[in-house]
Amino acid sequence: MPRSPPLTIALLVLVSVAVCAVAAAAGAWYFHHKDPSALPLRPDQYLSMGWVAWDASWYKLIAEQGYSYTPGQQSPVAFFPLYPLAIRLFMQLGLSTYVAGIAVTLLCGPLAMVLFTRWACTRVDPATALQAGMLISLYPFAFYLYGVMYSDALFLLLVVSAFLLLEKGHLLPAVLLGALATAARPVAPAVVLGLLVRRLEWKRERGLRWNAGDLLPLLSAAGFICYLLYLREAFGAPFAFVETQGSPGWDQAPGWRTWLKLAWFQAVFFSGNNAEVVGRFITHALLTFLALGMVWPTARRLGWGYAVFTLAIVGLPALSTKDFMGMGRYLLSAFPLFLTFALLLRDRPRLRRGLLAVSAVGLVFLSAAFGMDRYIS
């Protein structure tokens, strides 16, 4: 008897977690030993070092000390509260901050992949659902779901679970999970509109009348609104998380310079950057436009609810970034795209297998690069 798609993906993800952890640890070992005076560490310390670069320090700060805000300076208010709260909860078990953060990701990321595959099974046949699960599990930036101390795994688990419950007709639990998701990342319009449009579409597909209860997805904005109220009460600035993005070093204040991506053009064409840096900027830009180009195929194959969600979940960070950096990682949240991609590749098995092989190599390579403290996303 063949394994079910979710079980197959669970096994694939377990292998991916192990391989990516080894690759990241090897990268951390290499980075650590570039300093001749570096003291030797235990193997488990290299494993944790491999997953706690870059923004992990901000989450550590929030989990340990809470929020602060200084206008005109980089401040932790840029990072939404649910993930640091989850880290703090795990710290109550006696774990160090970094280990707690890795543990939250390790719990959420693999579970998100399994539930994604279950969600896909509600929309397509099992074989295509399995292919979609493989595409997202081996996506080169999926290592952010396999241990990195970032909020992506938690957010993805919540939104996938919300839409899975919605497909099964469980509206109120879906809304509650959606509200938690909007407390994890600043993309509330995507979650709210996606759940709302999909709910209305779901009822229409079954010949059911709309009623006032179908507007419950609007309450998914509660997590976002609660964070705004906290920022207003604590710092008198409900949109401090936006304002701090314009501080020196981040330089992503809303405005034409950011919206027109002038920093991207400068980095690619005028700054004299090496091929690696230029390639990184171009890759993130290409992935962004590829994702946006798949919104219409998503609407045709999966419905307008998922198309609206995808457009917003990709469009909001794409608009707010000055140079597209980070978009490769953000596309993990646009999970319907991976099912759309699987549908497009359903009759092209050779191309699909080739892409999966290249993606798997990229996944291991980027894990090692992240462990080496390279700026990946």
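Here are a few things to note about the model shown:
- Per residue value of the accessible surface for the chain (all protein chains in place, 1.4 Å probe), Å²: 45
- Rounded percent of accessible protein surface that carbon and sulfur make up, the chain, 1.4 Å probe: 68
- With N counted as the residues of region 73-184, its alpha-carbon radius of gyration over 2.2 N^0.38 Å works out to 1.14.
- A cut-off under 12 angstrom between Cβ atoms defines the neighbours of F143, and their net charge, with Lys, Arg +1 and Asp, Glu -1, is 0.
- Debye-formula intensities of region 1-83, expressed as log10 I(q)/I(0) at q = 0.22 Å⁻¹, are -0.99 (one equal scatterer per alpha-carbon, no solvent).
- Taken over the alpha carbons of region 264-317 as equal point scatterers, the Debye sum produces base-10 log I(q)/I(0) values at 0.17 Å⁻¹ of -0.60.
- Hydrodynamic analysis of region 126-223 uses the Kirkwood radius over alpha carbon pairs. Inserted into Stokes-Einstein at 20 °C and 1.002 mPa s, it gives a translational diffusion coefficient of 149 µm²/s.
- Region 1-156, Rg to Rh (Cα coordinates; Rh as Kirkwood inverse mean 1/r): 1.04
- Cα Rg, Dmax (largest Cα-Cα span) when computed across region 292-377, Å: 14.7, 42
- What separates the Cα centres of region 151-182 and region 86-114 is a distance of 19 Å.
- Translational diffusion coefficient of the chain (Stokes-Einstein, Kirkwood radius from Cα pairs, 10 °C, 1.306 mPa s): 74 µm²/s.
- Protection proxy ranking for 299-312, 89-102, using the average of other Cβ atoms within 10 Å per residue and placing the highest first: 299-312, 89-102.
- Only Cα sites of region 194-318 enter the Debye sum here, all with the same form factor; the resulting log10 I(q)/I(0) across q = 0.17 1/Å is -1.06, listed in q order.
- Fraction in percent of alpha-carbon pairs per bin - 10 Å, region 71-121: 23, 35, 28, 12, 2
- In the chain, the calculated helix contribution to ellipticity at 222 nm averages -20500 deg cm²/dmol per residue, counting -39,500 (n - 2.57) for every DSSP H run with n ≥ 4.
- For the chain, complete DSSP H runs whose alpha carbons reach 30 Å or more along their own long axis and whose mean Kyte-Doolittle score is 1.6 or higher are 5-32.
- Counting Lys and Arg as +1 and Asp and Glu as -1 over every other residue whose Cβ lies under 14 Å from the Cβ of L164, the net charge comes to +4.
The values are calculated or read from the model by the stated rules, or taken from the named source; none is laboratory data. Every value quoted in this text rests on a predicted model; they were computed, and no experiment measured them. A quick note on method: Cβ atoms are made from the backbone with ideal geometry, for glycine too, and the neighbour counts reach across all protein chains shown. Please note that ligands, DNA and RNA were not included when accessible areas were found on the heavy atoms of the full protein model with its side chains. Shrake-Rupley method; radii C 1.70, N 1.55, O 1.52, S 1.80 Å.
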